[in-house]
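What follows is one structure encoded as structure tokens, with my remarks underneath.
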Amino acid sequence: MKKTDERYEAYLNILKKELVPAFGCTEPIAVAYAAACLRGLLGGRPETLQVEASGNIIKNVKSVIVPNTGGMKGIEAAAAAGIISGREDRQLEVLEELTEEDQKAIHTYLEKTPVTVTQAPGDLTFDLVVTGERDGHKGKVRIAGAHTNVVLKELDGEVLLKKEIGSCYSSETENEEAEGPSLTIEGIVDFAVSVEPEDVQETLERQIAYNTAISAEGLRGDYGANVGRVLLSTYGDDVKVRARAAAAAGSDARMNGCELPVVINSGSGNQGLTASLPVIEYAKEIGADREKLYRALVISNLTAVHLKEGIGRLSAYCGAVTAGAGAGAGIAWLLGGGLDEINHTIVNTLANVSGIICDGAKASCAAKIATSVEAGILGYYMYKNGQEFRGGDGIVKKGVERTIENVARLGRDGMRETDREILEIMIGDAGQA
């Protein structure tokens, strides 16, 4: 792909837009960001606070620790933390600079301020509305479609900002097509092998540094179920194990209160960890230079984005699966594979683990990540050994793009009722301890 090709700039922009830093699990951080925007709108801390969130946001905030809150969980804690921070300019890093005094202020704010949480109406999987009152003024902020996509700001009934939900890069909601050339696996590989390293260096070096750091912390500390450490202590340090453990350990830490940032993919820190850390481990194993690692990470990251774009940001379909397939694709290229090997690795992975559900952000995400990365690695070695899942086998169709379309249909449409049942189990009577 030549640099003058319009796809070159489009693919590069997608990579840069999707691979951004986030401090904490992205759904509670989105709540905090919306609340910080509301504080800015009202000129101070609101005296009342109401949060309307789509079911998938409620699901993903319920069980995960909100960073820099002293171990608090839930939408109320996330919203209060955003109000105390007020740093809307930091977007998904809005809570990074909270101090111990701020943590006390969060508790005090929640004790004194009425905060109500309800489920947002409608079918959008990512929809968040935060309203509040201060000194007789009423403000409203809406984020929809993606974690930082502010589509509405309203003060005392006057609309200060309003834009279309689908105006950011995301195939989330409204089934709108992204502008510009669409991603394909063939196009991704073409871009990866021809991209100028300096064009992706800053983005990928940040991903390598941030995600490697939180993975190392996950292996050192005691976080959640310590899936990464269990893998290494049980199965040894073969690269196939290290690849799984590295990604799982990053999630162990991230889901359970570690206050280090990650570089996300498709709006998800767990997907960012899954798409990057296994590839980094394989690059270390074979002694790949930086340029080769960059190209493999471009393949893994953009493959994960491509697989997720038809499903949507949030779904009952576990995003670790799409990121695990991306990691498998990046590893396949690192080990000398071309487009054929990459295509079959992706299909073999999707045929294997597409049944994994998303039941919210929590400690078990690390185990799902480990399973998905294992499936990605197996998918590659299956093809290297002359084995593959073929068109007509379940959801698999002949051709990687047709299989990807089927998975998108499954995750976006087929799992809607599953999503509703998961949410009912989690927040209804069946989900009470």
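Could you tell me how many of the residues in the stretch 275-317 are assigned to a loop (DSSP other than H, G, I, E, B) and at pLDDT 95 or above?
So the count comes out to 3.
In the set G338, G287, which member is out of contact with any helix residue (DSSP H, G or I) (no Cβ under 9 Å at 6 or more places or on another chain), farther than 27 Å from N226 by Cα and open to solvent by 10 Å² or more (accessible area, probe 1.4 Å)?
G287
Does E259 qualify as being open to solvent by 10 Å² or more (accessible area, probe 1.4 Å), of a type outside the set (A, V, I, L, M, F, W, C) and either in contact with a helix residue (DSSP H, G or I) (Cβ under 6 Å, 6 or more places away or on another chain) or under 26 Å from W333 (Cα atoms) (or both)?
no
Please tell me if G379 is modelled with pLDDT under 95 and among the small types (G, A, S).
The answer is no for G379.
Inside the stretch 132-147, can you point out the residues that are over 21 Å from the mean Cα position of the chain (by Cα) and open to solvent by less than 20 Å² (accessible area, probe 1.4 Å)?
First, the residues of the stretch 132-147 that are over 21 Å from the mean Cα position of the chain (by Cα): 132-141.
Scanning the stretch 132-147 gives G132, G139, V141.
Of all residues in the stretch 245-257, how many are modelled with pLDDT under 95 and in contact with a Pro (Cβ under 8 Å, 6 or more places away or on another chain)?
1
Do any strands (runs of 3 or more DSSP E) entirely within the stretch 67-148 hold 1 or more residues that are at pLDDT 95 or above and β-branched (V, I, T), and if so, which? Let's see the steps before the verdict.
Numbers: elements: 115-119, 127-134, 137-144.
Filter on the stretch 67-148 gives 127-134, 137-144.
Rundown of residues vs (1) touching a residue at least 40 places away in the same chain (Cβ under 8 Å); (2) surrounded by 18 or more Cβ atoms within 10 Å (Cβ to Cβ), yes/no style:
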| position | (1), (2) |
| --- | --- |
| V373 | yes, yes |
| G386 | no, no |
| R390 | no, no |
| G394 | yes, no |
| K398 | no, no |
| E405 | yes, no |
| E417 | no, no |
| R420 | yes, no |
| E424 | no, no |
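Looking at (1) crowded, with 24+ Cβ neighbours inside 10 Å; (2) closer than 21 Å to G250 by Cβ, can you tell me which one A316 breaks?
Looking at each condition in turn, A316 falls short on (2).
In the stretch 7-58, which residues are in a helix (DSSP H, G or I), open to solvent by 10 Å² or more (accessible area, probe 1.4 Å) and either hydroxyl-bearing (S, T, Y) or free of Cβ contacts under 8 Å to residues at least 12 places away in the same chain (or both)?
Passing the criteria: E9, Y33.
Taking R254 and the conditions (1) of a type in the set (D, E, K, R); (2) under 19 Å from the mean Cα position of the chain (by Cα); (3) open to solvent by 60 Å² or more (accessible area, probe 1.4 Å), which numbered condition does it fall short on, given that it satisfies the others?
(3)
I'm trying to understand the selection: among the residues of the stretch 345-372, which are of a type in the set (G, A, S) and either assigned to a helix (DSSP H, G or I) or over 18 Å from T26 (Cα atoms) (or both)?
Correct list: A351, S354, G355, A366, A367, A370, S372.
So how many residues does the stretch 359-371 have that are open to solvent by less than 10 Å² (accessible area, probe 1.4 Å) and of a type in the set (G, A, S)?
4
How many residues, within the stretch 203-234, are free of Cβ contacts under 8 Å to residues at least 12 places away in the same chain and either crowded, with 16+ Cβ neighbours inside 10 Å or of a type outside the set (A, V, I, L, M) (or both)?
Going through the stretch 203-234 one residue at a time, the tally reaches 6.
Here are D199, D237, D190: which of them is of a type in the set (D, E), at pLDDT below 95 and open to solvent by 10 Å² or more (accessible area, probe 1.4 Å)?
D237
From the list E88, E76, which one is under 22 Å from N149 (Cα atoms), of a type in the set (D, E) and in contact with a Phe, Trp or Tyr (Cβ under 9 Å, 6 or more places away or on another chain)?
When all the criteria are applied, what remains is E88.
Under 6 Å between Cβ atoms, at least 6 apart or on separate chains: pull out the pairs that start in the stretch 143-165 with a residue that is touching a residue at least 24 places away in the same chain (Cβ under 8 Å) and end on any residue that is of a type in the set (S, T, Y) and open to solvent by 60 Å² or more (accessible area, probe 1.4 Å).
none
The values are calculated or read from the model by the stated rules, or taken from the named source; none is laboratory data. Bear in mind the structure is a predicted one, so any value in this text is a computation, not a measurement. Positions of Cβ are generated from backbone atoms using ideal geometry, with glycine treated the same way; all protein chains shown enter the neighbour counts. These area figures cover heavy atoms from the full protein model, side chains too; ligands, DNA and RNA do not enter into them. Shrake-Rupley method; radii C 1.70, N 1.55, O 1.52, S 1.80 Å.
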